[in-house]
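Data first, discussion second: the structure below is written as structure tokens.
The values are calculated or read from the model by the stated rules, or taken from the named source; none is laboratory data. Just so it is clear, the structure is predicted and the values come from calculations on it, not from any experiment. Because the Cβ atoms are built from the backbone with ideal geometry, glycine has one as well, and the counts that use them run over all protein chains shown.
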Amino acid sequence: MAFAIVTTFTGCGKQSGTTKAERTENALANYVAPGEKDEYYLFYSGGHSGQVFVAGIPSMRHIITIPVFAPYPATGYGFDEESKKMMADFTWGDVHHPGLSQTKSKYDGRWLFVNDNANNRIARIDLRDFKTRQILGPIPNSIGNHGSSFITENSEYILCATRFSTPLPKGRVADPKDYEKEFSGMVSGIKVDPQTGEMSVGWQILTPPFDWDLGSTGKGPSSGWAFWTSYNTEMAHETLEVNSSQKDRDLAAVVNWRAAEKAVADGQATLMDGVPIIDPAKVPGVLYFLAIGKSPHGMDVDPTGKWIAAGGKLQPSTTVINFEKLQAAINAKTFEGDMRGVPIIKYDAVVEGEVPVGLGPLHTQYDGKGFAYTSMFIDSNITKWKMPPWSDEEKKDLNKVVLDKMPTHFSTGHLVVAGSDTAEPYGKWCVAMNKLSAGRHINVGPSQPESSQLIDISGDKMKMVADAFTEPEPHFAQILKVSEIEPQEVLAKADNKDPNAVWEKDQTGVTREGTNVTAKLIAIRSRFVPDRIEAQVGDELTVHVTNVEQTRDMIHGFGVIEQNVNLVMDPGETKTFKLKLTKAGVFPFYCTNFCSALHQEMQGYLIVRNAGEAPPPPATAQN
Ligand code: RUQ
Ligand code: CUA
């Protein structure tokens, strides 16, 4: 997110309050000796890099990048036909909030979903091989898929809310000065197939053109519900910096997604662009509003499902909502008016307290032991506070529940506590994802990385353990215990379902049908079979390369000189590229991954003759 608030740095880059000896001791906590392994995966979103970064905790060492919405030559992503097809017309995305799949409100280690704020998409990464396997979208009838990807307790849905609004149906044009009347926002339920993880658009709920912000899903008592904050309930269409912060409160959305699902099944929706749309003014019980603190951002349900903390960027407190009271208010119709036919729940009836956490609270995470951690964008710190139930004395002065503040460097956006969004957080570690690194690293010129800081939250007082840096820009992360998954290390031959996979020399070769030339190659230490592909100018060339290795880490690449071809095949994998041949010449191809002592020798030739210069290439296997 971008903030118009000018921030000043407190502190001078030191961990205030600790001595060098203490800092050194804390740092030992993140030391993972050579040959030893981390205990947790950290999946951070890569923001507008379009990717997901994987690091280990506690070492904070970057291990791999999982390409999702942008090409990534290191793994050949975006070059082969399979990934190009998934990326469709886009070569970037803005990845914000990764969400691990859950069963019974616990991570089940199957999939990681990430949203694309820029092009309205959601992607699914399979945790068996850490590869992007589906990109859904652009989602119909919505613009700006920021408020996602929030996973329901059994991964029934990924819930999304739009950051922007647009005249609907898409393609219709209206002047932004008629914003209030002509523009609409949307909450979407993206259905997840429980067996395959395949996503499809389930249903949508029409909303006024607020800018929906961050949210989360319910569990336990709040099972079946989801919550989002918003900004710009003023429905301004220009100079939002000023015009969208006029009101003291903004409206949060309280969504009963099970009711939405039922309304669609009962035929209470109308189709737009192929999606059943619910008008919440006509279908009561699906959507409610709740006026919470000015310009809020995160709205995070705690592990018990009873408490919801909403940050207020422009106020010095975090609002704690009691879900049981919220439910009671809905049942008793304790409303304070309505907005376009949607009831506004009475604030005083549902708020447990406003905790004075500091300036610029954005997101809250939980350790499952009764403590909450809120990121302070303006104050640059993490504030630890005690969750309700509070004593009468604490209720009188909620300063008493604020327990600790850890300075961060600098301007923390999101933070993540291991497992916070499940019913059973691991606790122990918190990572602060800071918007500014402001020179806490060797000087690399004006393009500065983001900084993430590892904080030990296992004791009464938080301990700063390590600084790490990534390319822009982590917005949120998920932490998964390494022992919860067992990713495959090679693609077993039997699991390679590509019909063009070949495993033996005599299955390889180059064939021609008219102007379509198809080559099937195998890659094995240290050669390609065949190592010659003959074709002519004007041909459509399709090449399938199978890496027949069944050994861990034995990756081969396939680069063709001056053809912008870059395949990378994991052991057991087949990849394909297509090329329209437009120029004659002899173009060497070679393996890009250093695979053996004779890796350099792993090469061959693509020979492109002018039409009529030579007979068509033989249809039989060479070599
Ligand atoms: S948002 S921190 Cu998507 Cu908070 Cu960026
Ligand atoms: Cu195969 Cu280098």
For this session: Please go through the range 506-551 and pick out each residue that is in contact (Cβ under 8 Å) with a residue 60 or more places away in the chain, part of a strand (DSSP E or B) and within 16 Å of ligand 2 (Cβ to nearest atom).
Result: A523, R527, F528, V529
Exercise. (1) out of contact with any His (no Cβ under 9 Å at 6 or more places or on another chain); (2) surrounded by 23 or more Cβ atoms within 10 Å (Cβ to Cβ); (3) more than 20 Å from F289 (Cα to Cα): which one isn't true of T412, the others all being true?
Worked result: (1)
Seminar exercise, completed: The lone condition E613 fails out of (1) among the acidic types (D, E); (2) at positive phi; (3) modelled with pLDDT under 95 is (2)
For this session: From S230, S245, grab the single residue that is surrounded by fewer than 21 Cβ atoms within 10 Å (Cβ to Cβ), hydroxyl-bearing (S, T, Y) and either in contact (Cβ under 8 Å) with a residue 12 or more places away in the chain or in contact with a Pro (Cβ under 9 Å, 6 or more places away or on another chain) (or both).
Result: S245
Seminar exercise, completed: Given the conditions (1) under 23 Å from A418 (Cα atoms); (2) out of contact with any Gly (no Cβ under 7 Å at 6 or more places or on another chain), every one holds for V444 apart from (1)
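Among I143, I122, which is the only one that is crowded, with 19+ Cβ neighbours inside 10 Å, within 16 Å of ligand 1 (Cβ to nearest atom), at negative phi and within 15 Å of the chain's Cα centre (by Cα)? Give the derivation first.
Working: I143 fails: within 15 Å of the chain's Cα centre (by Cα).
Criteria check complete, one pass: I122.
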Seminar exercise, completed: Counting only residues in the range 300-345 that are in a loop (DSSP other than H, G, I, E, B) and hydrophobic (A, V, I, L, M, F, W, C), the one surrounded by the fewest Cβ atoms within 10 Å (Cβ to Cβ) is identified as A332
Exercise. Checking C430 against (1) surrounded by fewer than 23 Cβ atoms within 10 Å (Cβ to Cβ); (2) part of a strand (DSSP E or B), which test does it fail?
Worked result: (1)
Exercise. Using beta carbons and a limit of 7 Å, which pairs, at least six apart or on different chains, have the first residue in the range 78-93 and free of Cβ contacts under 8 Å to residues at least 12 places away in the same chain and the second one of a type outside the set (S, T, N, Q) and buried (at least 18 other Cβ atoms within 10 Å of the Cβ)?
Worked result: K84/G78
For this session: Residue by residue through the range 554-595, note down the ones that are of a type in the set (S, T, Y) and surrounded by fewer than 15 Cβ atoms within 10 Å (Cβ to Cβ).
Result: T582
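For (1) assigned to a loop (DSSP other than H, G, I, E, B); (2) in contact with a Pro (Cβ under 8 Å, 6 or more places away or on another chain); (3) among the β-branched types (V, I, T); (4) within 16 Å of ligand 1 (Cβ to nearest atom), each residue gets a yes or a no:
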position	(1), (2), (3), (4)
H97	yes, no, no, yes
W111	no, no, no, no
P138	yes, no, no, no
F150	no, no, no, yes
C160	no, no, no, yes
M186	no, no, no, no
V201	no, yes, yes, no
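May I ask you to list the residues in the range 451-491 that are closer than 30 Å to V548 by Cβ and charged (D, E, K, R)?
Taking the range 451-491 as the starting set, the residues that turn out to be closer than 30 Å to V548 by Cβ are 482, 485-491.
Within the range 451-491, E486, E489 meet the criteria.
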